[in-house]
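Some notes on the structure that comes next.
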């Protein structure tokens, strides 16, 4: 018996910090780091969206995105349900040695360490198994932030609609709760992390039966400076969430999930069999909803607009300009790329040309700022012959890299070369398909970030100074980027 106690005493402990994106997991992870909890050797730094750092181990994040999610053909930003018993798949099991090696390399010198990655809400069974095989205790903190604040943050950072953010939030909360039921866990409210930090840390220690390496009083000043309350934006009342959901395209049980989580973090209700049965019912409702064909309606994606200008011998006069809004379809590619957000928005535009005679040329103007893939442009003749026009595009870009074409202009006109009147004659429709990756202001921000993060700027100090001058110009004047693929 004494030997078992000694083994238990010497076992390491891993604290998993789980929650929705933009819900304060970075703030809590950084706080625990000041209290002596190692967050790994390969910590991801900050950016303008999170200047205090993300506190995610880059090796674990990369493994999740490029190994686990690749095999599952999912992403943590993909709100479709998780496959049943995915953790028992032989291909997933084959990744265990690699994952164990990462844990041993990143945390070998730490008796108590933390792992923070929102994706682990969906992948927890795999990582719990890793800890069990390495004889490491697992403890879980499930962090919750007002979903209105999360949605506003994701809209600003990624351009997500309110509905998309809430569906994603529901998925991570539901699976995070379900997968961690057999692990010591605590539900924590983000506002308490900021406003009642010491009491929150004491409750974490008590409920999880852990002793953090550093005393709070010894690092209180450092934690206070780290948790700058002014850095928390989008301060909104949880009571407004019900009305927002009521006027959205979302079903009412989405609010029930959020309310239950909020009440768990505030101690209004407790983690017991009754609430778990409720979560089971909501998870089933979620899975049935997302397996249905209602995705396009649920997401409430605003349509985009493009303008078709026809040259009928008068060099694009105003009367020959047609503006169309898109029909939208949500698509999930057969193979996912971890660097892109999914699902993607496929926007279809159909222009009727049957009453347009003697067309000599045409141009297209994307009226939304966009990072987009022009999937297809085709001319449909009266005899139903189809002529694909992408090979005729005159790529009037400023800069091109691989298959990407960069347009720094307020009015992105896509011109065509070698479109003869004979080719355009007897056309009845122009059909356009565009996949929008980012739109509007978000597209502008992402384009600028990708440009300024290019390796060319890292060479010398003069180039770095020139970069920031260019950024100011880009922010003022340049708004559009299109990828031809």
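The values are calculated or read from the model by the stated rules, or taken from the named source; none is laboratory data. Remember, it's a predicted structure, so these values are computed and weren't measured experimentally. In this analysis, Cβ positions are derived from the backbone assuming ideal geometry, glycine residues included, and neighbour counts consider all displayed protein chains.
Annotations for the structure displayed:
- Matching residues, region 233-248, being surrounded by fewer than 15 Cβ atoms within 10 Å (Cβ to Cβ) and either over 17 Å from residue 153 (Cβ atoms) or outside the structural domain of residue 20 (by TED's automatic domain parsing) (or both): 239, 242, 243, 246, 247
- Count - residues of region 285-303 that are out of contact with any strand residue (DSSP E or B) (no Cβ under 8 Å at 6 or more places or on another chain) and assigned to a helix (DSSP H, G or I): 8
- Residue satisfying all of: in region 150-183; at pLDDT 95 or above and outside any helix (DSSP H, G or I); surrounded by the most Cβ atoms within 10 Å (Cβ to Cβ) among these: 180
- Test result for residue 306, in a loop (DSSP other than H, G, I, E, B) and either in contact with a helix residue (DSSP H, G or I) (Cβ under 6 Å, 6 or more places away or on another chain) or at pLDDT 75 or above (or both): no
- Test: residue in region 276-288 that is modelled with pLDDT under 95 and surrounded by fewer than 14 Cβ atoms within 10 Å (Cβ to Cβ): yes
- Single match in 210, 204, 186 (criterion: assigned by TED's automatic domain parsing to the domain that holds residue 36 and in a helix (DSSP H, G or I)): 204
- Selection of region 178-191 for residues being under 23 Å from residue 131 (Cβ atoms) and touching a strand residue (DSSP E or B) at 6+ places or on another chain (Cβ under 7 Å) yields 180, 183, 184, 185, 186, 187, 188.
- Subset of region 71-102 (residues that are at pLDDT below 90 and farther than 22 Å from residue 165 by Cβ): 73
- Residues being assigned to a loop (DSSP other than H, G, I, E, B) and over 24 Å from the mean Cα position of the chain (by Cα) - total across region 96-126: 4
- Residue 315 passes every criterion in (1) out of contact with any strand residue (DSSP E or B) (no Cβ under 6 Å at 6 or more places or on another chain); (2) modelled with pLDDT under 95; (3) surrounded by 13 or more Cβ atoms within 10 Å (Cβ to Cβ); (4) not in a strand (DSSP E or B) apart from (3).
- Condition check for residue 139: touching a strand residue (DSSP E or B) at 6+ places or on another chain (Cβ under 6 Å) and farther than 25 Å from residue 343 by Cα: yes
- Total residues in region 350-372, condition over 22 Å from residue 418 (Cα atoms) and assigned to a loop (DSSP other than H, G, I, E, B): 4
- Exactly one residue out of 157, 164, 181, 145 is touching a residue at least 24 places away in the same chain (Cβ under 8 Å) and within 20 Å of residue 201 (Cβ to Cβ), and it is 145.
- Per this entry, residue 194 is not counted among residues that are touching a strand residue (DSSP E or B) at 6+ places or on another chain (Cβ under 9 Å), assigned to a helix (DSSP H, G or I) and either within 21 Å of residue 31 (Cβ to Cβ) or not assigned by TED's automatic domain parsing to the domain that holds residue 85 (or both).
- Which listed residue is over 23 Å from residue 84 (Cα atoms) and over 28 Å from the mean Cα position of the chain (by Cα), from 269, 275, 301: 269
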